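Here's the structure we're looking at; comments come further down.
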Amino acid sequence: MERRAYGKTGEKLSVVGFGGIIVMNEIPADSSRMVGEAIDRGVTYFDVAPGYGDAEEKLGPALERYRDGVFLACKTGKRTAKEAGEELDRSLQRLCTDRLDLYQHHAVTTVDEVEQILGPGGAMETFVKARKSGKVRFLGFSAHSEAAALALMDGAAFDSILFPFNWACWLNNGFGRAVMARARQKGLALLALKTLAKRKWNEGEEKPWPKCWYKPVDTFEEAQAAVRFTLSLPVTAGVSPGHFELFRWMCDAAESVGALAPAEESSLVDQAARLDVIFAEAR
């Protein structure tokens, strides 16, 4: 699998990241099989969070034998230094490791959260201390709003941002464009969330992908176009959704990454204009 530079750090990551929620609620044997297949396919980037149920407890033992050869990212939704420090130590224990390659503030949505994270006694204090002590190597965040992402980038120094650089949102209303421009200006590595997201679930709609809070693409052909779109942007990698079948689609699609043909791009623009996208406006 292709690898791309993770910012200016000297690290290179596989262009598809293994979303740790994949192993949530799986039995240990299946978790090990899934991680082993990911390794065999050339995946080096693994991302998980305490908010994904028991995913840390399942991923840690499955990944332990490969730990020195992979890039392990984790997150915290805690906004105070004390709580973030406690959660970091729990994550390290559950993941069977003594350090993380990347630690991220998880799903930051409001400017009020940003102010708490960066203020006195905020979680950023724990992040900085953890990097100095060797518990983490790089610092980042994931965000679901442009306002929060821009405020965080302006308020502290990070190595990367994990954000929905998604075909439907980007082409529907430009969501992500301002964030990408600011991140590139500041030299942050770009990691993509929601690569395969298509639209919101309709009320009462059957949900065959219960670990996805959005409706993903319906076919491999759609997945291929979605992955090609995201990887045509200056991103390092895209993290997979929470189902192994969708992860496989992303891996297969990444093997044929190339420039979008004009007809393909035009088709995506037309589709995006008709969708009830998961992020409805650029903020």
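Candidates in the stretch 215-234 are the residues that are touching a Phe, Trp or Tyr at 6+ places or on another chain (Cβ under 7 Å) and surrounded by fewer than 20 Cβ atoms within 10 Å (Cβ to Cβ); of these, the one that is farthest from Phe71 (Cα to Cα) is Phe220. Across the stretch 165-184, the number of residues qualifying as part of a loop (DSSP other than H, G, I, E, B) and buried (at least 17 other Cβ atoms within 10 Å of the Cβ) comes to 4. Screening Leu162, Leu196 for residues that are crowded, with 17+ Cβ neighbours inside 10 Å and more than 20 Å from Thr110 (Cα to Cα) leaves exactly one candidate, Leu196. Any residue at all in the stretch 142-155 that's part of a loop (DSSP other than H, G, I, E, B), touching a Lys or Arg at 6+ places or on another chain (Cβ under 6 Å) and hydroxyl-bearing (Ser, Thr, Tyr)? The answer is yes, given that some residue of the stretch 142-155 is part of a loop (DSSP other than H, G, I, E, B), touching a Lys or Arg at 6+ places or on another chain (Cβ under 6 Å) and hydroxyl-bearing (Ser, Thr, Tyr).
Rundown of residues vs (1) out of contact with any Pro (no Cβ under 7 Å at 6 or more places or on another chain); (2) of a type in the set (Val, Ile, Thr); (3) surrounded by 21 or more Cβ atoms within 10 Å (Cβ to Cβ), yes/no style:
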{"residue": "Val35", "(1), (2), (3)": "yes, yes, yes"}
{"residue": "Thr44", "(1), (2), (3)": "yes, yes, yes"}
{"residue": "Gly51", "(1), (2), (3)": "yes, no, no"}
{"residue": "Lys58", "(1), (2), (3)": "no, no, yes"}
{"residue": "Thr80", "(1), (2), (3)": "yes, yes, no"}
{"residue": "Leu118", "(1), (2), (3)": "yes, no, no"}
{"residue": "Ala123", "(1), (2), (3)": "yes, no, yes"}
{"residue": "Arg137", "(1), (2), (3)": "yes, no, no"}
{"residue": "Ala147", "(1), (2), (3)": "yes, no, no"}
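Figure legend. Inter-residue proximity from the stretch 141-155: first residues within 15 Å of Thr76 (Cβ to Cβ), second residues among the polar types (S, T, N, Q) and in a strand (DSSP E or B), beta-carbon distance below 9 Å, spacing 6+ or different chains. Indicated pairs: Phe141/Gln104; Phe141/Ser160; Ser142/Gln104. Taken over the stretch 1-54, residues that are in contact (Cβ under 8 Å) with a residue 12 or more places away in the chain and assigned to a loop (DSSP other than H, G, I, E, B) amount to 22. Residues that are among the polar types (S, T, N, Q) and either in contact with a strand residue (DSSP E or B) (Cβ under 9 Å, 6 or more places away or on another chain) or at pLDDT 95 or above (or both) do occur in the stretch 205-227.
Entry remark, the stretch 51-76: residues being of a type outside the set (A, V, I, L, M) and in contact with a helix residue (DSSP H, G or I) (Cβ under 6 Å, 6 or more places away or on another chain) number 8 in total.
Filtering the stretch 206-228 to residues that are touching a Lys or Arg at 6+ places or on another chain (Cβ under 7 Å) and in a helix (DSSP H, G or I) leaves nothing. Taking the listed residues Thr126, Thr97, the one that is assigned to a loop (DSSP other than H, G, I, E, B) and β-branched (Val, Ile, Thr) is Thr97, with no other qualifying. None of Leu268, Leu275 is under 30 Å from Ala147 (Cα atoms), in contact with a Lys or Arg (Cβ under 8 Å, 6 or more places away or on another chain), surrounded by 14 or more Cβ atoms within 10 Å (Cβ to Cβ) and of a type outside the set (Ser, Thr, Tyr) except Leu275. Please determine, by comparing only the residues of the stretch 87-110 that are closer than 30 Å to Glu146 by Cβ and surrounded by fewer than 16 Cβ atoms within 10 Å (Cβ to Cβ), which one is farthest from the chain's Cα centre (by Cα). Here the residue is Thr110.
Here's the yes/no breakdown for (1) under 23 Å from Asp252 (Cβ atoms); (2) modelled with pLDDT under 95:
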{"residue": "Lys8", "(1), (2)": "no, yes"}
{"residue": "Val15", "(1), (2)": "yes, no"}
{"residue": "Ile27", "(1), (2)": "no, no"}
{"residue": "Ala49", "(1), (2)": "no, no"}
{"residue": "Asp54", "(1), (2)": "no, no"}
{"residue": "Leu63", "(1), (2)": "yes, no"}
{"residue": "Gly69", "(1), (2)": "yes, no"}
{"residue": "Ala84", "(1), (2)": "no, no"}
{"residue": "Thr97", "(1), (2)": "no, no"}
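Of the residues making up the stretch 245-265, just one is surrounded by fewer than 20 Cβ atoms within 10 Å (Cβ to Cβ), in contact (Cβ under 8 Å) with a residue 40 or more places away in the chain and hydrophobic (A, V, I, L, M, F, W, C), namely Val257. The residues in the stretch 211-229 that are touching a helix residue (DSSP H, G or I) at 6+ places or on another chain (Cβ under 6 Å) and either of a type in the set (D, E, K, R) or free of Cβ contacts under 8 Å to residues at least 12 places away in the same chain (or both) can be counted, and the count is 1.
The values are calculated or read from the model by the stated rules, or taken from the named source; none is laboratory data. Given the structure is predicted, the values throughout are model-derived calculations rather than measurements. Glycine also receives a Cβ, built like all others from the backbone with ideal geometry; neighbour counts cover every protein chain displayed.
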